[in-house]
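Take a look at the following structure, please.
The values are calculated or read from the model by the stated rules, or taken from the named source; none is laboratory data. All of these numbers come straight from a predicted model, not from anything done at the bench. Cβ coordinates were reconstructed from backbone atoms using ideal geometry, including for glycine residues, and neighbour counts include every protein chain displayed. In case anyone asks, the SASA skips ligands and DNA or RNA and just uses the protein heavy atoms, side chains included. Shrake-Rupley method; radii C 1.70, N 1.55, O 1.52, S 1.80 Å.
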Amino acid sequence: LLFQLLNSQVIGTLYGTETWPVTYQVIEVLEGTLGLFLLVVLTFYAGDLVWHDRDLGTAPLYDSLPTPDVLPLVAKAVALFAVIVGMHATVLVMGIGVQLFDGYTHFEVGLYLRWLFGLSLLDWLPYVAVALAVHVIVDNKVVGHLLLVVFYVAQGFRGQLGFEYNLPWFGSDPGRTYSDMNGWGWFLGPFVVYKLYWIAVGVGFMAVAALLWVRGADGGWR
């Protein structure tokens, strides 16, 4: 919230010209603030969720319960996704607050909901799967954290390294741009297709994680 408040100072300025704090501009600025925090949450919370029972020493008790193997993994994925939803809700609250403070009352709540809890969540959903899967497959909390950090850094610098083709890079898309005149325009279709593709890949990662989920005293790959 503090970072969002600091970044909100640039809202209402476009190419050096003062503008009304229209909804799409508010969301762009505040959602951009969330990126780093969401990566931190995904990396470290995923590790804590996967290792929670074993760190507390309660894993043998939970592992002996008559529950399906996939249930703990799905529960942790839902919990992690719920945290991401909650962090997106801060943009909604802060955005409306910034607009109200500037005397702008055309809030466009529908756009907030479609953007934050529709398209943006589509963007982050595959990363929930890959974060959990990496920690399950590696089966080492510290190494899992390290691999995810390296993965995110590589994603951020792939353009500078000359890897600009989207399809092989996890979570990539052709981009989306919103305007008050044209809405999402032609950007929406390709963006959604890409995200459905990566969600399907994420489901594959979750299937691998379910197969390798440690249950009981034997944690070997076989």
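So for segment 63-83 (the condition being in a loop (DSSP other than H, G, I, E, B), hydroxyl-bearing (Ser, Thr, Tyr), over 14 Å from the mean Cα position of the chain (by Cα) and surrounded by 14 or more Cβ atoms within 10 Å (Cβ to Cβ)), does at least one residue qualify?
As a first pass, look at segment 63-83 and keep what is in a loop (DSSP other than H, G, I, E, B): 64-69.
Now narrow it down to the ones that are hydroxyl-bearing (Ser, Thr, Tyr): 64, 67.
With the extra rule that they be over 14 Å from the mean Cα position of the chain (by Cα), the set shrinks to 64, 67.
Narrowing further to those that are surrounded by 14 or more Cβ atoms within 10 Å (Cβ to Cβ): none.
Within segment 63-83 (the criterion being in a loop (DSSP other than H, G, I, E, B), hydroxyl-bearing (Ser, Thr, Tyr), over 14 Å from the mean Cα position of the chain (by Cα) and surrounded by 14 or more Cβ atoms within 10 Å (Cβ to Cβ)), the answer is no, since none of the residues qualifies.
Still on this structure, I have one more. Return the total of residues in segment 112-128 being open to solvent by less than 10 Å² (accessible area, probe 1.4 Å), of a type outside the set (S, T, N, Q) and under 14 Å from Leu38 (Cα atoms).
3
Still on this model: Can you name the residue in segment 177-198 that is open to solvent by less than 40 Å² (accessible area, probe 1.4 Å) and outside any loop (DSSP other than H, G, I, E, B) and, of all such residues, is farthest from Val29 (Cα to Cα)?
Residues of segment 177-198 open to solvent by less than 40 Å² (accessible area, probe 1.4 Å): 178-179, 183-184, 191, 195, 198.
The next check asks that each one be outside any loop (DSSP other than H, G, I, E, B); those that pass are 179, 183, 191, 195, 198.
Numbers: Ser179: 14, Gly183: 17, Phe191: 20, Lys195: 22, Trp198: 25 Å.
Per the criteria, the residue is Trp198.
Condition first: charged (D, E, K, R), within 17 Å of Leu30 (Cα to Cα) and assigned to a helix (DSSP H, G or I). Can you find one or more residues in segment 95-115 that meet it?
Initial filter on segment 95-115 (charged (D, E, K, R)): 102, 108, 114.
Now drop any that are not within 17 Å of Leu30 (Cα to Cα), which leaves 102, 108, 114.
Imposing the further condition that a residue be assigned to a helix (DSSP H, G or I) reduces the set to 114.
Yes; the residues of segment 95-115 include at least one that is charged (D, E, K, R), within 17 Å of Leu30 (Cα to Cα) and assigned to a helix (DSSP H, G or I).
Scan segment 208-222 for residues that are surrounded by 14 or more Cβ atoms within 10 Å (Cβ to Cβ) and out of contact with any helix residue (DSSP H, G or I) (no Cβ under 7 Å at 6 or more places or on another chain) and jot them down.
Val214
Taking Phe117 as the residue in question, decide whether it is touching a helix residue (DSSP H, G or I) at 6+ places or on another chain (Cβ under 7 Å) and either more than 18 Å from Phe191 (Cβ to Cβ) or not polar (S, T, N, Q) (or both).
Numbers: touching a helix residue (DSSP H, G or I) at 6+ places or on another chain (Cβ under 7 Å): yes; either more than 18 Å from Phe191 (Cβ to Cβ) or not polar (S, T, N, Q) (or both): yes.
Spelling it out, Phe117 is indeed touching a helix residue (DSSP H, G or I) at 6+ places or on another chain (Cβ under 7 Å) and either more than 18 Å from Phe191 (Cβ to Cβ) or not polar (S, T, N, Q) (or both).
When the residues of segment 138-149 are narrowed to those that are in contact with a helix residue (DSSP H, G or I) (Cβ under 8 Å, 6 or more places away or on another chain) and β-branched (Val, Ile, Thr), which ends up surrounded by the fewest Cβ atoms within 10 Å (Cβ to Cβ)?
At the first step, the residues of segment 138-149 found to be in contact with a helix residue (DSSP H, G or I) (Cβ under 8 Å, 6 or more places away or on another chain) are 138, 141, 144-145, 147-149.
Subsequent filtering for residues that are β-branched (Val, Ile, Thr) retains 138, 149.
Working: Val138: 18, Val149: 14.
Only one residue fits best here, namely Val149.
Then there's this: If I go through segment 93-103 residue by residue, how many of them are open to solvent by 30 Å² or more (accessible area, probe 1.4 Å) and within 17 Å of Gly12 (Cα to Cα)? Step through it out loud before you land on a result.
Step one: filter segment 93-103 for residues open to solvent by 30 Å² or more (accessible area, probe 1.4 Å), giving 93-94, 96-97, 100-103.
Retained after the next criterion (residues that are within 17 Å of Gly12 (Cα to Cα)): 94, 96-97, 100-103.
Adding up the residues that qualify gives 7.
Here is a follow-up. Do you know which residues across segment 210-222 are of a type outside the set (Val, Ile, Thr) and either under 14 Å from Tyr127 (Cβ atoms) or part of a loop (DSSP other than H, G, I, E, B) (or both)?
As a first pass, look at segment 210-222 and keep what is of a type outside the set (Val, Ile, Thr): 210-213, 215-222.
Within segment 210-222, Leu212, Trp213, Arg215, Gly216, Ala217, Asp218, Gly219, Gly220, Trp221, Arg222 qualify.
Working only within segment 150-166, note down all residues that are assigned to a helix (DSSP H, G or I) and either in contact with an Asp or Glu (Cβ under 9 Å, 6 or more places away or on another chain) or loosely packed, with under 14 Cβ neighbours inside 10 Å (or both).
So the first thing to find is which residues in segment 150-166 are assigned to a helix (DSSP H, G or I), and the list is 150-157.
Selection gives Val150, Val153, Ala154, Gly156, Phe157.
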